[in-house]
Amino acid sequence: SSMDAKVEEISAFTNSTIDAYNDGTLEGIQETASGLKYVIHEEGTGARPNSAAYVYVDYYGSLLDKTSFDDSFKRGMPFAFQIKTGRVIPGWDEGIGLLPEGSKATLFVPSDLGYGEAGSPPVIPGGAELAFYVELTGVITPQ
């Protein structure tokens, strides 16, 4: 199906981004004061989410050995949450907040902005740095 093809494409793209990151050849990486690293593959033209915004994000999450642990593309619907309310890991609250609506990016989340020393067993080991390919498909700002 076209859904399977999309998942394959996203998986291959994310894996090649992780390879370049691991090799030190990934271009355009930016780093924030917190240690979050990100690269914007395609900058959107919409609004950046403010701290009250609801966002819709399609994502593919992977360990740096390319083991995928979560994938909204497979489910066929984006993940919706209100930003900056502690609903998601800190690396997401920060990283998604940097992106204009319509952006495609990869976030590299250090463990202290992710699941920390405890990890998220059985899939995410303690101390793991995580990679998330994200597409910010919607930003809804309450009036």
### Cleavage-rule hits, GluC sites (Glu not before Pro), the range 18-84, DSSP coil, Cβ neighbours within 10 Å at most 10
Glu27
### Number of Lys pairs (Cα under 19 Å; 8 or more positions apart or on different chains) in the chain
9
### Task
Would you please give the residues with an amide H less than 5 Å from that of Ala53, counting only those at least 5 places away or on a separate chain, with H modeled from the backbone geometry?
Ile83
### Query
How many percent of the alpha carbon pairs in the range 32-143 exceed a separation of 24 Å?
19
### Message
Please give the charge dipole size of the range 1-48, origin at the Cα centre, charges +1 on K and R Cβ atoms and -1 on D and E Cβ atoms. Round to the nearest 20 debye.
### Response
240
### Message
Place a point 7 Å from the Cα of Met3 along the Cα-to-Cβ direction; which residues of the range 49-70 have their backbone N under 17 Å from it?
### Response
58-60, 70
### Query
Rounded, prolate or oblate: which one fits the range 1-80, using the alpha carbon gyration tensor with axes a ≥ b ≥ c (rounded when a/c is under 1.5, else prolate when a/b beats b/c, else oblate)?
oblate
### Task
Find the accessible area per residue for the range 102-143; the probe is 1.4 Å, ligands and nucleic acids are left out, and the unit is Å².
43
### Query
Roughly to the nearest percent, how much of the accessible area of the range 58-102 is carbon and sulfur, given a 1.4 Å probe?
52
#### Entry: Electrostatic dipole magnitude of the chain [Cβ: Lys, Arg +1; Asp, Glu -1; Cα centre; debye, to 20]
460
### Query
Residues with amide H under 5 Å of Leu130's amide H, sequence separation 5 or more or different chain, H placed in the peptide plane at 1.01 Å from N; which?
Val109
### Task
Select from the range 79-143 those GluC sites (Glu not before Pro) which occupy a DSSP coil region and have at most 11 other Cβ atoms within 10 Å, ordered by residue number.
Glu117
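The values are calculated or read from the model by the stated rules, or taken from the named source; none is laboratory data. Source: prediction; values computed, not measured. For neighbour counting, all protein chains shown are included, and Cβ atoms are generated from backbone atoms with ideal geometry for every residue, glycine included. The protein model used for the area step is the full one, side chains on, heavy atoms only, and it has no ligands, DNA or RNA in it. Shrake-Rupley method; radii C 1.70, N 1.55, O 1.52, S 1.80 Å.
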